[in-house]
Amino acid sequence: MDGRHIQPDFGGINVLDRLFRRRIYWLFLAPALIVYTVFMVYPLLSSFGYSFFRWNGYIREGFAGLANYSKVLFESPYSERLIGALKHNVMFFTATFAIQTTFGLFLAVMLNRGGRFLKACQVAYFAPYTLSMVVVGFLWLLLLNPTWGQVNKILAAIGLGRFARPWLGDTATALHTIVLVNAWRWLGFPITVYLAGLQGIPEELHEVARVDGATPWQVFRSVTLPLLAPTIGMVSILTFIYDFNAFEQIFVMQGSSGSPFYSTDVLGTFFYRTAFGDSTTGGEVGQVGLGSAIAVLMFLVVCVASIIGVRLTRRQEVEM
Amino acid sequence: MRKSRFLLTCLVCVAFLAVAVAAGPGAGAAAKTELTFWSWRTEDIDAYAKFIKAFEAKNPGITVKFIPYKNTEYNTILATALQGGTGPDIVQLRSYGGMEALAAAGYLVPLDAGTVPGLAKFPKDLLKGATNRGDGKTYGVPFAIQTIQVIYNRTIFDKLGLKEPATWDEFLKLGAALKAKGYVPLANGGKDGWTFETLFGGVAANFYGGNEFADAVIAGKTTFNDPRFVYALRKMLELRPYMPASFMGVAYTDMQMMFAQEMAAMMIGGSYEIGTFERLNPNLKMGVFAVPGEKAADGGYVGVYVDGSYGINAASKHKEEALRFINFLASAEYGQMFADELSQPSAVPGVKPKHPVLAEMLALAEKRSAPHLMLVGFRFEQPSGSTLLQNDLQGMFSDKLTPEQVAADIQAGLAKWYKPFQK
C-alpha cells in the first residue's frame with residue numbers, strides 16, 4: 001500500500017514508521033552480521049591478539065611483543081619449516097594454476113562447442129568437485145596404496161611395472177601426487193567458470209574475425225583469450241586463496257606432520273601441528289602463540305597477494 | 001501502516017523466542033548422578049560398556065556415560081573443552097607430556113593414596129607416566145602399559161621350520177629365509193612416521209646399550225650425538241631389505257593387514273596389536289620374541305611405556321562420584337577385566353593376563369626392558385623428541401639423511417627446550 005495516502009489519518013505512527021524505514025536495513029543485516037562477527041571477525045582478531053602473547057600450554061602468560069614472529073621467521077627449526085612449507089604452497093599453486101589454465105582452458109573451449117556427448121563430459125569433469133575433499137583423499141589413498149592399490153597394479157598390467165612406486169611415501173613424488181589428486185577434484189570448477197565466460201562472449205566477434213580470414217588459433221589468441229582474461233584472473237585469485245589455505249587433503253592423506261620427512265608440509269599443516277600439537281605423534285603440546293603467528297602470516301600473504309591480483313584483473317578490464 | 005504492524009509482530013515473536021530460550025534448560029532435578037567419561041578408544045565401546053555395568057551394579061545412584069572421540073582428534077577436542085571450563089567428569093589422559101600440559105594448566109584433580117588407596121600399589125616408574133614433573137603430583141590412574149617386541153606368525157614359522165633367533169645375525173638370516181619363500185619378513189612400513197618410532201622402540205635399545213644410555217641422555221650426561229645412538233640408527237637400516245616392497249608407502253593399517261592376512265611373517269609392534277590381529281583373523285597363531293642384540297647375551301630388550309591414565313576434570317560438578325569411579329578403575333578387579341576383555345596389559349599391579357601371548361610379552365618385559373625413549377623422556381615440549389625422530393627416520397630410510405645427521409638434528413631440536421641439554 002502506498003504510505004502517502006494514509007499519512008493524514010495516522011500521523012503519529014507515521015513518525016515511528018519513517019524511523020523504522022530509515023534504519024530497517026540494520027534489522028535485515030543483523031543475522032548475517034552477527035554470525036559473521038562471531039564466527040569470522042572475532043576469531044580473526046583474537047588469533048591476531050594471541051600471537052602477541054607468551055603461552056604455557058593453554059594458559060596465556062605475559063605480553064611477548066613480536067617474539068613469536070621472530071621465532072617463526074628466524075629461529076630453527078621453525079624458520080626452516082616455514083620456508084619449506086611456503087615453497088610447497090607456491091609449488092602447489094603454480095602447478096594447479098598451470099594445469100587449469102592450459103588443460104582446463106583447453107577442455108572448456110572444447111566443451112563450449114556443444115553437443116550431447118560433450119554435455120555428458122562436462123558433468124563428468126564437474127562431478128569430483130561435488131565430492132568432499134575427505135572422500136577424495138581416502139579414495140586416492142586406496143588407489144595409490146603400494147600393496148593393494150589399483151594404480152601400481154594397472155602400471156604392472158600394461159608393462160610399466162618398473163614405474164610403480166610408493167607414490168605418497170616417496171619424498172620425491174608425494175607432493176606432486178597430491179597436486180594431481182587435487183587437480184582431479186578441483187578442475188571441474190575452473191572449467192565451469194571458463195565455460196560461463198566463453199558463453200558470455202558474443203558470437204559476432206568470432207564471426208567478424210573469421211570473415212577477416214583469421215585462423216582458429218588467431219581467433220582464440222586475439223578474440224577469445226583477451227575477453228576471457230578477467231574470468232581467468234578471478235579464477236586464478238580464487239585458486240591462489242584456496243591453495244595457500246590448503247589443509248584437508250594433505251591432512252587426510254599424509255597426516256599433520258607433512259609426511260614423509262616434511263615433503264608435503266604446507267603452511268596449513270605447519271600451523272595445525274604447531275598450534276594444536278602433532279596429532280600423529282600423540283600427545284604433544286600445542287603452542288598457541290607460535291601457531292597464531294603463523295596464521296597471521298598466512299593471512300597477510302593471502303590478503304596482500306589477493307589485493308594485488310584483484311587490482312591487476314581490474315586494470316586489465318579497464319584497458320579493454 | 002501494514003509495515004509497522006508487521007514489524008511489531010516480528011518484535012513480539014523475537015521477544016517470545018528469547019523468553020522461551022531462557023526458560024528452556026534447567027527444569028527438573030535428576031535423582032541419579034550421571035558422570036561423563038571421554039576417551040579416544042572408539043574401538044573399545046563394547047568393553048567399556050561392560051566395565052561400566054560392573055561399576056554401576058555396585059554403585060547405585062551413579063551412571064557413567066562413555067563418549068569416545070577419534071584418536072587423532074581427541075587431544076584437540078579435550079584441550080578445547082577443558083580450556084572453556086567444560087569437558088567430561090572423567091578424562092582418559094595421554095601419558096607423560098600429553099598429560100603434563102593439562103595438569104600444569106590446572107585442569108585436573110591431583111590424586112594420592114589418601115583419595116585413591118589403590119595408587120599406593122603402583123610402582124613409581126609406572127606413575128611417572130601420570131605425574132607432573134613440575135609439582136611432583138600424580139594426576140591419573142595408569143590403565144595400560146605397552147611393550148614393543150617382535151610379533152610373529154607361528155604357523156608360518158612352523159611350516160618353514162624356523163626358530164626364534166638368539167642374535168641379530170640370526171634375525172637377519174631369518175628375514176632372508178622368509179623372503180626366499182615369498183613372504184614379507186617384516187610388515188613394518190614408513191608412511192606413518194610414528195610407526196618408525198615403534199620400530200626404533202623395539203630395536204634401538206639393543207644397540208645403544210639399554211637403560212645405561214637412556215638414563216644418561218635423559219639426565220643430560222650425554223647427548224644424542226653419542227656414537228652408541230648413531231650406531232643404533234645405523235643398525236636399524238639393516239632391516240630395510242626385509243621390509244615390504246615400497247615400504248615408504250606402507251601405512252599403519254597396511255602393516256596390520258599384511259600381518260593379519262599372513263602375507264607378512266613378523267612385525268615389530270606394540271602389545272596393543274594382539275587384540276586387533278585376532279579380530280582381523282581369528283585363526284592367527286602368534287608368538288613373540290624380543291629383538292635380539294649382537295650377542296645372545298647382550299640383547300633382547302623390550303621397549304616399555306605407560307599408555308595413559310584416567311583422571312578427574314577439576315571443573316567437574318560431581319567430584320565425589322568421579323572419585324568413586326576412579327577408585328574402581330584402580331582396583332585389581334578392573335585391571336583383570338581390562339586385561340581379559342581388551343587383550344592389553346593392564347597397568348594395575350598383580351594382574352595376570354589370561355591371554356597366553358600377552359602373558360609371554362609381560363614375561364619378556366620382566367626379563368629385560370628399556371623405556372620407550374622419546375615418549376618417556378622427550379615428549380614434553382615442541383619440537384618433541386618423537387616428532388624429530390619420526391620425521392628424521394623417514395628421512396633416513398629415504399636416504400635423505402645419514403644416521404649422523406639424524407642424531408645431530410634430534411640433539412639440536414631438543415636443545416631448544418630441554419634444560420639438561422642447555423648447560
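Sites count as exposed loop sites when they are chymotrypsin sites (Phe, Trp or Tyr not before Pro), lie in a DSSP loop, and have at most 14 other Cβ atoms within 10 angstrom; the longest stretch of chain A without one is A:149-320. Contact order, relative form, for chain A: 24 percent (alpha carbon pairs under 8 Å, 6 or more residues apart, mean separation divided by residue count). Taking the centroid of alpha carbons for each part, the stretch A:201-237 and the stretch B:321-361 are 74 Å apart. For peptide B:73-79, the mean count of partner chain Cβ atoms within 10 Å of a residue's Cβ comes to 4. Ignoring lysines fewer than eight residues from B:Lys32 along the same chain, the ones with Cα atoms less than 22 angstrom from its Cα are B:Lys50, B:Lys53, B:Lys58, B:Lys65, B:Lys317, B:Lys319.
Tell me the net charge near B:Ala216. Cut-off is 13 Å between Cβ atoms, B:Ala216 excluded, with +1 for each Lys or Arg and -1 for each Asp or Glu. So the environment of B:Ala216 carries a net charge of -1. A convex hull fitted to the Cα coordinates of the stretch A:150-190 yields 80 cubic angstrom per residue. Scaling the Cα radius of gyration of chain B by the globular reference 2.2 N^0.38 Å produces a ratio of 1.14. A Stokes-Einstein calculation at 20 °C with viscosity 1.002 mPa s, built on the Kirkwood radius of the stretch A:178-277 over Cα pairs, returns a diffusion coefficient of 131 µm²/s.
Cross-link reach is defined here as a Cα-Cα straight distance under 13 Å, omitting same-chain residues fewer than 8 places apart; for B:Lys285 the aspartates and glutamates meeting it are B:Asp158, B:Glu262. Neighbour counts of C-beta atoms inside 10 Å place B:Leu108, A:Leu300 in the sequence A:Leu300, B:Leu108, starting with the fewest.
Our summary of shape: the Cα atoms of the stretch B:173-327 have principal axis extents of 62, 47, 30 Å, ordered from largest down, in whole angstrom. Two numbers describe the Cα atoms of the stretch A:30-114: Rg and Dmax, which are 21.1, 64 Å. Packing-based ranking of B:184-192, B:228-236 yields B:184-192, B:228-236, ordered from highest to lowest mean Cβ neighbour count within 10 Å.
At 24 angstrom or more along the helix axis (alpha-carbon based) and mean Kyte-Doolittle of -0.5 or higher, what helices does chain B contain? Whole DSSP H runs only. Mind showing how you got there, number by number?
Values: long enough: B:2-23 (32 Å, 1.69).
Passing helices, by number: B:2-23.
Compute the separation of the alpha-carbon centres of the stretch B:62-98 and the stretch B:186-202 and state it in Å as a whole number. First find each Cα centre; the distance between them is then 27 Å. In this model, which of B:Lys128/B:Lys354; B:Lys128/B:Lys419; B:Lys235/B:Lys400; B:Lys221/B:Lys400 are farther than 24 Å apart at the alpha-carbon? The answer is B:Lys128/B:Lys354; B:Lys221/B:Lys400. Using every pair of distinct Cα positions in the stretch B:184-249, the Kirkwood expression returns a hydrodynamic radius of 12.8 angstrom. Considering only A:Val15, A:Val301, A:Val181, the Gaussian network model of chain A with Cα springs below 10 Å gives its largest mean-square fluctuation to A:Val15. Of B:Gln405, B:Gln146, B:Gln336, the residue with the greatest mean-square motion in the GNM of chain B, using alpha carbon springs below 10 Å, is B:Gln405. For the stretch B:345-423, averaging the sequence separation of C-alpha pairs within contact (under 8 Å, six or more residues apart) and dividing by the residue count gives a relative contact order of 21 percent.
The stretch B:37-147 gives an Rg/Rh value of 0.95, both radii derived from C-alpha positions and Rh following Kirkwood. Principal axis extents of the C-alpha atoms in the stretch B:217-292 (largest first, rounded to whole Å): 48, 27, 21. For chain A, taking Cα atoms only, Rg and Dmax work out to 26.0, 91 Å respectively. Considering only A:Tyr125, A:Phe53, A:Phe28, and ranking their Cα positions along the charge dipole of the stretch A:1-160 that arises from unit charges at the beta-carbon of Lys, Arg, Asp and Glu, the one farthest toward the positive end is A:Tyr125.
Taking Cβ atoms as reference points and 12 Å as the exclusive limit, the residues near B:Lys416 contribute a net charge of -1, counting Lys and Arg as +1 and Asp and Glu as -1.
Under the combined filter of DSSP loop state and at most 15 neighbouring Cβ atoms within 10 Å, the stretch B:162-245 retains these GluC sites (Glu not before Pro): B:Glu238. Considering all alpha-carbon pairs of the protein assembly as shown, what whole percent are spaced by more than 38 angstrom? In whole percent, the share of Cα-Cα pairs in the protein assembly as shown beyond 38 Å is 50. Cα extents for the stretch A:68-132 along the principal axes, largest to smallest and rounded to whole angstrom: 59, 25, 14.
Based on the Kirkwood approach, the hydrodynamic radius assigned to the stretch B:349-423 is 14.7 Å, with every pair of different Cα atoms included.
Computed from the coordinates by the stated procedures, all read-outs in this text should not be read as laboratory data. Only a predicted model underlies this, so the values are computations on that prediction, with no experimental measurement involved. Counting neighbours? That spans all protein chains shown, and the Cβs are built from the backbone with ideal geometry, glycine included.
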